1. Might you check whether a residue that is out of contact with any helix residue (DSSP H, G or I) (no Cβ under 8 Å at 6 or more places or on another chain) and not in a loop (DSSP other than H, G, I, E, B) occurs anywhere in the range 87-98?
2. Which of (1) assigned to a strand (DSSP E or B); (2) of a type in the set (Lys, Arg); (3) touching a Phe, Trp or Tyr at 6+ places or on another chain (Cβ under 6 Å) is the odd one out, the single condition Lys120 does not satisfy?
3. Across the range 33-86, what is the number of residues that are open to solvent by less than 20 Å² (accessible area, probe 1.4 Å), touching a residue at least 40 places away in the same chain (Cβ under 8 Å) and part of a helix (DSSP H, G or I)?
4. Just wondering, is there one or more residues in the range 126-143 that are open to solvent by 50 Å² or more (accessible area, probe 1.4 Å), free of Cβ contacts under 8 Å to residues at least 40 places away in the same chain, more than 23 Å from Asp83 (Cα to Cα) and among the hydrophobic types (A, V, I, L, M, F, W, C)?
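The values are calculated or read from the model by the stated rules, or taken from the named source; none is laboratory data. For clarity, every value in this text was computed on a predicted model and none was experimentally measured. Heads up, the Cβs are rebuilt from the backbone with ideal geometry, glycines too, and the neighbour counts pull from every protein chain shown. Just the protein is used for accessible areas: all its heavy atoms, side chains included, with ligands, DNA and RNA removed. Shrake-Rupley method; radii C 1.70, N 1.55, O 1.52, S 1.80 Å.
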Amino acid sequence: MKKIMIFTLAILLSTTSTFASSIFDDDRPISFDELPAKAKTFINKNFAKEQVSHTTLDKDIMSDEYKVVFTSGTKLEFNGSGDWKEIDCRYSAVPHNLVPEKITEYVKVNYPNSKITELKRKHGGWEAKITGGLELTFNNDFKLVDIDD
């Protein structure tokens, strides 16, 4: 009897897990046209020369997240409204016009031979990764609050 209960429980958990994953379909491929209008405008304005490799929609219980990957390796992440959350240029610099001026100035003064390769908007501030892997965290007033290597 105990084995039957354990077997039934295992099947129930497996079924529940499968059902939950089908509701919240992680990283489902979508076409570029399925991105929010704000995200498409952002890409066309700031990454017009890039070729899109693929786009995905990550549905979550609380929110949706869109990801765009270019053939160059650059990755963009957007929230459900189409506002950018993260720009990861890996092999090149984040476009200058997208980096807040105070972050650009800080990097230029303190790390003159580095470029910003990744930029994230975070609750309460910003995170900038520079060449060499250093991560600089700024608050909303653009004051440096953390350095992580």
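1. yes
2. If we test Lys120 against (1) assigned to a strand (DSSP E or B); (2) of a type in the set (Lys, Arg); (3) touching a Phe, Trp or Tyr at 6+ places or on another chain (Cβ under 6 Å), just (3) comes out false.
3. Going through the range 33-86 one residue at a time, the tally reaches 1.
4. Among the residues of the range 126-143, not one is open to solvent by 50 Å² or more (accessible area, probe 1.4 Å), free of Cβ contacts under 8 Å to residues at least 40 places away in the same chain, more than 23 Å from Asp83 (Cα to Cα) and among the hydrophobic types (A, V, I, L, M, F, W, C), which makes the answer no.
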